[in-house]
Amino acid sequence: MPSDLNEDIRKLIYEEPPPEVKLPMYHSKFSKKVREDAKKVKNCHKTFGYAEVPLEPPTNFLKKKTRIVHRPLVDKQKYPQEAKPGLPPKPKSGRTKEEEREQKNFRKDNIVRVVRAVPKQPVPQVIDTRTGHAQKLETSGLQPKYIYRKGYGKVPSYLRQRYQPTYQEEQEAKEEERKKKPPLKYVTEEEREEMLIGLKKNWELLQKEFQLLPMVTDTVPKIKRKTQLEKRLKELEKDIDLIERNPVIYVACDNDRDSPRDSLKCS
């Protein structure tokens, strides 16, 4: 039933909502004592120090080296140490220090070293942008570096020794499998009929698709589609004719042939 039928006239009279009763706020019983303790602490620090501490006069300011610093007492004990033996005396050459200095001509040695020194060669660089950005030619990858090595492009000897026996074993295993497998497999009459039915069914589907093509082939995709269908229809017709003309069929079991047509032998 609709809610309008249950309407009551008494509900139209406005009634004030009942007053909200609030719970009393919580007050700790120690709040008064905390306030009094805080005032006591603050009152004793209202000046620059405690009231009972006498202040120094302005003339008695802190001077240099007047502070008394009490350092901990450290008992230093000096242990007797034996004197270390001296260095051995230098062998006398019979020359004075001036004669030893004159013996070596530093100026001449410097001239000889500079003359024999090899001039520093400029580092070859390559510029790869039109703004002049240059980088080292050796790290740029433009200079052939690794092709001049002795063993470049050759298989390392340890790899040849590791994989040579496995390659020979694989070839021998393949030859044994070829010997075990029969060279030809006879296709029974049931398999031949099943192949013929499948090929003819595929030919009918392609023929139906070919007949649904538009009459006018004025675009490249249409021409391409038409040529593909014609090619597949010719291949199916050729296979059907080959199977119908040859009642006895043998199939080669060799997997190394290029296409399945090469493995079909009819007689």
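The values are calculated or read from the model by the stated rules, or taken from the named source; none is laboratory data. Just so we're clear, the structure is a prediction, and the values are computed from it rather than from any experiment. Glycine gets a Cβ as well: all are built from the backbone with ideal geometry, and neighbour counts include every protein chain shown. With ligands, DNA and RNA removed, areas are computed over all heavy atoms of the protein, side chains included. Shrake-Rupley method; radii C 1.70, N 1.55, O 1.52, S 1.80 Å.
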- Given the Cα atoms of the stretch 131-241, and with Rh set as the inverse mean 1/r over their pairs in the Kirkwood sense, what is Rg to Rh to two decimals? 1.36
- Message: Checking the table Lys200/Lys238; Lys200/Lys234; Lys208/Lys234; Lys201/Lys222; Lys185/Lys234; Lys201/Lys238 against a 18 Å threshold on Cα-Cα, which pairs fail?
- Response: Lys201/Lys222; Lys185/Lys234
- Electrostatic dipole magnitude of the stretch 145-254 [Cβ: Lys, Arg +1; Asp, Glu -1; Cα centre; debye, to 20]: 1200
- Message: Tell me the accessible surface of Val74 in square angstrom (1.4 angstrom probe, heavy atoms of protein chains only), to the nearest ten.
- Response: 100
- Query: Using the beta-carbon distance between Glu98 and Lys78 and R0 = 30 Å, what value does 1/(1 + (r/R0)^6) give for FRET efficiency, to the nearest 0.05?
  - Reply: 0.10
- Note on the structure: Length gained, Lys185-Lys33, 0.36 nm per residue minus C-alpha separation, equals 43.5 nm
- Task: Kindly sort Arg71, Arg232, Arg245 by accessible area of their heavy atoms, largest first, with the probe set to 1.4 Å.
- Result: Arg71, Arg245, Arg232
- Message: If you take every residue apart from Lys201 with its C-beta less than 14 Å away from the C-beta of Lys201, what net charge results, scoring Lys and Arg +1 and Asp and Glu -1?
- Response: -3
- Judged on accessible area alone, 1.4 Å probe, highest first, Met25, Met215 line up as Met215, Met25
- Task: Go ahead and run the numbers for FRET between Lys150 and Ala117, Cβ-Cβ distance against an R0 of 45 Å, rounding to 0.05.
- Result: 0.85
